[in-house]
Amino acid sequence: MPIYEYESVDSENTCEKCASRFEVIQALGEAPLTVCPECGGRIRKVISWCRAAVVETSPEHAKVEQQIREYEKQGMWSHAAELADTHSEKIKDRDLKMRALDDYEKAGYKAETLEKHISKDDE
Ligand SMILES: [Zn+2]
């Protein structure tokens with residue numbers, strides 16, 4: 001499931017959560033949030049990471065992708081997750097980060113812990 005980033009629209013009406021940008025994991029196709037889940041203040045979705053087209057075609061990226069796929073095929077989830085995680089940080093690829101999360105979960109890590117880890121990294 002992808003992570004969406006939100007920010008407050010009404011700076012007068014914020015809580016600790018929405019005073020700065022925050023992230024929400026939502027299912028694909030789920031309607032975007034319009035109000036803060038904490039305080040009900042108005043929020044909007046932010047697109048913060050743009051995937052550069054050059055990244056998609058870089059030979060290094062293709063190689064890493066292939067390696068991740070290979071790990072996944074063999075059920076080496078923690079290997080796949082770590083590689084996807086590291087690489088996603090490097091190229092700022094949110095989709096790959098989500099894939100890392102998926103793989104971490106399959107490897108038996110708790111999604112909740114990872115979520116905290118991610119928002120801490122983004123600060
Ligand atoms: Zn709020």
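What's the total number of residues in segment 14-34 that are within 16 Å of the ligand (Cβ to nearest atom) and outside any loop (DSSP other than H, G, I, E, B)?
So the first thing to find is which residues in segment 14-34 are within 16 Å of the ligand (Cβ to nearest atom), and the list is 14-24, 32-34.
Filter once more, so that each one left must be outside any loop (DSSP other than H, G, I, E, B): 22-24.
Total meeting the criteria: 3.
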Inside segment 1-33, can you point out the residues that are acidic (Asp, Glu), modelled with pLDDT of 85 or more and surrounded by 11 or more Cβ atoms within 10 Å (Cβ to Cβ)? Glu5, Glu7, Asp10, Glu23
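The values are calculated or read from the model by the stated rules, or taken from the named source; none is laboratory data. Given the structure is predicted, the values throughout are model-derived calculations rather than measurements. Cβ coordinates were reconstructed from backbone atoms using ideal geometry, including for glycine residues, and neighbour counts include every protein chain displayed.
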